[in-house]
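Working notes for the structure below.
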Amino acid sequence: MTSVGLATPAGRRRTGAPFAAGTFGQRRRLFLLALGLPSLLYVIAVALVPLAQGMWLSLFEYNLLRPDRRAFVGLDNYLEQISDPVVQQALWNTLVFTVLAVGIEFLLGLGLALLLWRDSLFNRVALALMLVPVAVTPLVVGLVFRALLTADFGMIGHFAAQWGLSGERGFFGYPNSAMGALIFIDVWQWTPLMALILLAGLKALPQEAIEAADVAGASPWQKLRLVIVPMLLPAIFLALVLRTMDAFRIFDSVFVTTKGGPDNATNVLMFHAVKEGLEFFNIGDASALSNLMLAAIGLIAAGFVLVIRRADRRMLG
Amino acid sequence: MRHHRGLAGIALGTMALAAPFATAQEQPYSGVTLNVASMNDQFSGPLVVLAPSFEAETGIAVKVDILSYPELLTKITADFIGETGGYDVVTMDIVWAGQFAEAGHTVLLNDWIARDAEEIGVDDIYPVLMQALGNYEGAQVAFPFAGYANVLAYRPDLYEAAGIAPPQTMEELVAAARALTDREANRYGWVANGQRGPAVAQDWMQYNAQMGGSILDAEGMPALNSPENVASLTVYKTLFDETAPPGAVDYDWGGREESFRQGLVANMQTWSVGAAGYDNPDLSKVVGNNALMLAPPGAGMEPRYGIGGWGLAINADIDETRQAAAWEYIKWVTSPEVQKQMAELGGGGYIRMSTLADPDLNALYPFLPVIHESFLNGDGEYRPRIPEYPEIQDILGTAVNAVLAGDVDPQEALDAAQEQAMELF
């Protein structure tokens, strides 16, 4: 039987039969590859090619308005960006924003997820309502908060200034409070998403382990620290990576509220890159900046993987 | 009866046969569809409303794509660079002329304007607008379409109550702004844009020009930290601190206009285009209590009234037929008749003396003589229309905002700005 099975495909190959040749496994692989090919081509066309082009262009002094003056400059654009104090400030602002916004969103999101864990009608309705901010475009959220927080005639900003909760210029009028306001807007919009991801993780936890902790007489804090969080690590990882990548690329709310001010207090990397690329059309500089951001996001994601793996190993013994 | 029907049928048939012949002669570009990239401004709505009239007259359909300022600049630049010919006609901001001219993305209109001068009525168009809204070093890269004048909007009732005459000089304006500020009553004497970026840069450049400052020196090189500029920025900071609403350090154009319409401020230098909204009870709390006057110059200085606005440019990448059709559209939309219709529809921009002198429009908008006077002594160069303008504006936008909101010393801020600006040349 074995010899027949081996002989058949060889025989077909000899007769020159084309694609249909191969074992069932080979044909299956080919079929699956054919199924995945459109997606693969799509990813290559809309992600990899532009990415490669961005890397290539970052090596040139290239302004779209003066295309004839294009010149190869090697890594100069990168060195220029890294040594530019405005970019350094923007990087610091981006990190501060990302760490604080994602950190607060995580803590609030975990709290909300734990509150909504038990399946009840109220919790289901609360969850649905809570997701409304996620559905709104960030640009619109920024515009709404700008109108609300304006010190002189905003519904919140006016009273906040009157009652001394903000300076008289309003939240957007001072460097620290402007960054605080941007973090608040992000937390308002994205905490529900964080809660949703963590809630999905909580719902998937094996009940036996939690019941065992109850039987063993664990306090709620011990249960959370020693049982729930370790088992929730994959969901925590997913939530943190998703939000960190997104927060690192903050643009919309800055664009419609502070334009990076006051001074350079809320000038973040993406805002700076967009200005370089789409306002001044310095494609070389903008590409270098984008690639540096890509590398930074990659490093942050790698850091998360490392931390979570270590924690995972420690928790599992 | 049957006989009459027969005649009518023959007549209709003849008309039907003759129609294509007439169309071919009178509507040489019939069937062409022009894509217009329009800034989202007050004129964009009227452009859409009037497009069917142009199609009825010429057979040329017009599709107007209304875009925000950054979106417009990005899309048309991508269109030009990619030579995709996506847009046939684009609205061009006054400060883009240098870039457009240098890159050569648009059709030069000099010859066509000379050829059709009589038809266009070139003499009826304010010379300063013909120059500022499309001409760069002799190259006419766009045709003037919607001109704005920088004017002083003020509250006559507050001036009257305080027993002060409206200001004739900047120094008087500063004094009036101080006198009319009453923080306890939440009323402020003056307002301008303070937000980082183009908003604060443009308002300060206007103020700076009125006070005798200049962004470029006589050789066309940056002179951001000239003594005149430093002096004017120092006074500007004082004005902000003492007479503007506290939140003004973060105002852009929308916030600034809103503060005037809400009755928060007594004086505001602004573009004439927003004036129609001050007497709209749905938008404004100062209906009947507002007026426009010429922007006051510094004491002893020649008046320099800031000019802004938009021109219409033709994409050089489209074929000759489309270019010709686009020129027909530009001539039509800038004609006296259509300009009047646009004004009646709230377009807000003007280019023709006849439009600003029109009795019907003057009855509708009593402030038109102020715009006329501003155009006669207009200055379209206070924002340098050079290719490096966007970067210079950004540098100034950060420096001036740092002074107003970050309490940085004006000299220090402008020294740093000058250093950055010099790197562009």
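Which pairs, out of B:Lys237/B:Lys285; A:Lys259/B:Lys285; B:Lys63/B:Lys340; A:Lys259/B:Lys237; A:Lys259/B:Lys75, put more than 24 Å between their alpha-carbon atoms?
Over 24 Å Cα-Cα: B:Lys237/B:Lys285; A:Lys259/B:Lys285.
So what are the three principal axis dimensions of region B:57-182 from its Cα atoms, in whole Å, longest to shortest?
Ordered largest first, region B:57-182 gives principal extents of 59, 36, 34 Å.
Please calculate how many Å² of accessible area region A:165-317 carries per residue, with a 1.4 Å probe and no DNA, RNA or ligand atoms counted.
The answer is 44 Å² per residue.
For region A:259-317 and region A:89-124, what is the separation of their C-alpha centers, rounded to whole Å?
Region A:259-317 and region A:89-124 have Cα centres spaced 20 Å from each other.
Among the aspartates and glutamates, which fall within straight-line cross-link reach of B:Lys331, defined as a Cα-Cα distance under 17 Å, with same-chain neighbours fewer than 8 residues apart omitted?
Leaving aside aspartates and glutamates fewer than 8 places away in the same chain, those within reach of B:Lys331 are B:Glu26, B:Glu55, B:Glu57, B:Asp88, B:Asp111, B:Asp116, B:Glu118, B:Glu119, B:Asp123, B:Asp124, B:Glu320.
Nearest 500 deg cm²/dmol is fine: what mean residue ellipticity at 222 nm does chain B get from its DSSP H runs of n ≥ 4 alone, each adding -39,500 (n - 2.57), divided by its residue count?
Computed ellipticity for chain B at 222 nm equals -15000 deg cm²/dmol.
Based on the Kirkwood radius over alpha-carbon pairs, what value in µm²/s does the Stokes-Einstein equation return for the translational diffusion coefficient of region B:120-248 at 4 °C and 1.567 mPa s?
Working: Rh = 17.2 Å.
For the chosen part, D equals 75 µm²/s.
What does the helix-only formula give at 222 nm for chain A: each DSSP H stretch with n ≥ 4 adding -39500 (n - 2.57), the total divided by the residues, and the result rounded to the nearest 500 deg cm²/dmol?
It lands at -22500 deg cm²/dmol.
Can you list the residues of region B:228-272 that have at least 50 square angstrom less accessible area with all protein chains present than in their chain by itself, probe 1.4 Å?
By number: B:Pro246, B:Asp250.
In terms of the Cα gyration tensor, with a ≥ b ≥ c the square roots of its eigenvalues, is region A:144-260 rounded because a/c is under 1.5, prolate because a/b exceeds b/c, or oblate?
On the way: a/c = 3.87, a/b = 2.37, b/c = 1.63.
Prolate is the answer for region A:144-260, as a/c is 1.5 or above and a/b outweighs b/c.
What FRET efficiency comes out for the pair A:Val43/A:Val144, r = Cβ-Cβ distance, R0 = 45 Å, nearest 0.05?
On the way: r = 35 Å, r/R0 = 0.78.
Result of the calculation: an efficiency of 0.80.
Taking H placed 1.01 Å from N in the peptide plane, check which residues at least 5 places from A:Asp152 or on another chain put their amide H under 5 Å from its amide H.
Amide H to amide H, under 5 Å and 5 or more residues apart or across chains, A:Asp152 pairs with B:Gly247.
Of the residues A:Ser83, A:Ser290, A:Ser39, which exhibits the maximal mean-square fluctuation in a Gaussian network model of chain A defined by a 10 Å Cα contact cut-off?
A:Ser39
Can you give the accessible area buried between chains A and B, summed over both chains, with a 1.4 Å probe, in Å² to the nearest 100? If you can, show how the numbers build up before the last one.
On the way: alone 19000 and 17980 Å², together 34210 Å².
It comes to approximately 2800 Å² buried between A and B.
Could you name the lysines in cross-link range of A:Lys223, using Cα to Cα under 27 Å and dropping any fewer than eight places away on the same chain?
Straight-distance partners of A:Lys223: A:Lys203.
Cα gyration tensor of chain A, axes a ≥ b ≥ c as square roots of the eigenvalues: rounded (a/c below 1.5), prolate (a/b > b/c) or oblate? Walk me through the numbers on the way to the answer.
Numbers: a/c = 2.41, a/b = 1.20, b/c = 2.00.
Judged from the Cα gyration tensor, chain A comes out oblate (a/c at least 1.5, b/c at or above a/b).
Could you compute the FRET efficiency for B:Asp407 and A:Leu32, with r as their C-beta to C-beta distance and R0 at 60 Å, rounded to 0.05?
After rounding, the FRET efficiency stands at 0.40.
Where the centre of each part is set by its Cα atoms, how far does region B:357-409 sit from region A:194-249, in angstrom?
If we compute the Cα centre of each part, the gap is 57 Å.
Averaged per residue, what accessible surface does region B:353-398 expose to a 1.4 Å probe, in Å²?
Computed with neighbouring chains in place, this is 34 Å² per residue.
For all pairs of alpha-carbon atoms in region A:200-317, what percent lies in each bin of width 10 Å, listed from the first bin to the last filled one?
For region A:200-317, the binned pair fractions read 12, 29, 23, 17, 14, 5, 1 percent.
Just to check, using Stokes-Einstein with a Kirkwood Rh over alpha carbon pairs, what's the diffusion coefficient of region A:179-243 at 25 °C and 0.890 mPa s in µm²/s?
Rounded to a whole number, D works out at 185 µm²/s.
Report ³J(HN,Hα) in whole Hz for each residue of region A:53-62, in order, from the Karplus equation J = 6.51 cos²θ - 1.76 cosθ + 1.60 where θ = phi - 60°; Gly and Pro get x.
5, x, 5, 5, 5, 5, 8, 10, 7, 9
Once amide H atoms are placed 1.01 Å from N in the peptide plane, what residues at a sequence separation of 5 or more from B:Asp182, or on another chain, have their amide H within under 5 Å of its amide H?
Close amide H contacts, sequence-distant or interchain: B:Arg187, B:Tyr188, B:Gly189.
If amide hydrogens are placed 1.01 Å from N in the peptide plane, which non-local residues have theirs closer than 5 Å to the one on A:Thr266?
Excluding prolines and chain starts, which carry no amide H, the hits are A:Gly261.
At what distance in angstrom do the alpha carbon centres of region B:73-100 and region A:130-172 lie from each other?
With region B:73-100 and region A:130-172 each reduced to a Cα centre, they are spaced 35 Å.
Using 7 Å Cα-to-Cβ label points, what is the A:Trp163/B:Glu119 separation (nm, one decimal)?
Placing both labels 7 Å beyond Cα along the Cβ direction yields 6.7 nm.
Please compute P(r) over all alpha-carbon pairs of region B:336-419, binned at 5 Å starting from zero, and give each bin as a whole-number percent.
Each 5 Å bin holds this share of Cα pairs: 3, 12, 17, 12, 9, 10, 11, 11, 9, 5, 1.
Output needed for the protein assembly as shown: three equivalent-ellipsoid semi-axes, defined as square roots of 5 times the C-alpha gyration tensor eigenvalues, in descending order, whole Å.
Three semi-axes, in Å: 52, 41, 27.
Give me the Kirkwood hydrodynamic radius of chain B, using the inverse of the mean 1/r over all pairs of distinct Cα atoms, in Å to one decimal.
Every distinct Cα pair counted, the radius reaches 23.0 Å.
Given a 1.4 Å probe and every protein chain left where it sits, what share in percent of the accessible area of chain B is carbon and sulfur? Walk me through the intermediate numbers first.
Numbers: 8980 of 16600 Å².
Heavy-atom surface of chain B belonging to carbon and sulfur, 1.4 Å probe: 54 percent.
Using a 1.4 Å probe over the heavy atoms of the protein chains, calculate the carbon and sulfur portion of the accessible area of chain A as a whole percent.
The value for chain A is 71 percent carbon and sulfur by accessible area.
Could you tell me which of rounded, prolate or oblate describes region B:180-295, using a ≥ b ≥ c as the square roots of the eigenvalues of the alpha-carbon gyration tensor, with rounded for a/c under 1.5 and, failing that, prolate when a/b is larger than b/c and oblate otherwise?
Working: a/c = 2.35, a/b = 1.76, b/c = 1.34.
Judged from the Cα gyration tensor, region B:180-295 comes out prolate (a/c at least 1.5, a/b above b/c).
The values are calculated or read from the model by the stated rules, or taken from the named source; none is laboratory data. These figures come from a predicted structure and were not determined experimentally. When we count neighbours, we look across all protein chains shown, and the Cβ atoms used for this are built from the backbone with ideal geometry, even at glycine. We work out accessible area using only protein heavy atoms, side chains counted, and drop any ligands, DNA or RNA first. Shrake-Rupley method; radii C 1.70, N 1.55, O 1.52, S 1.80 Å.
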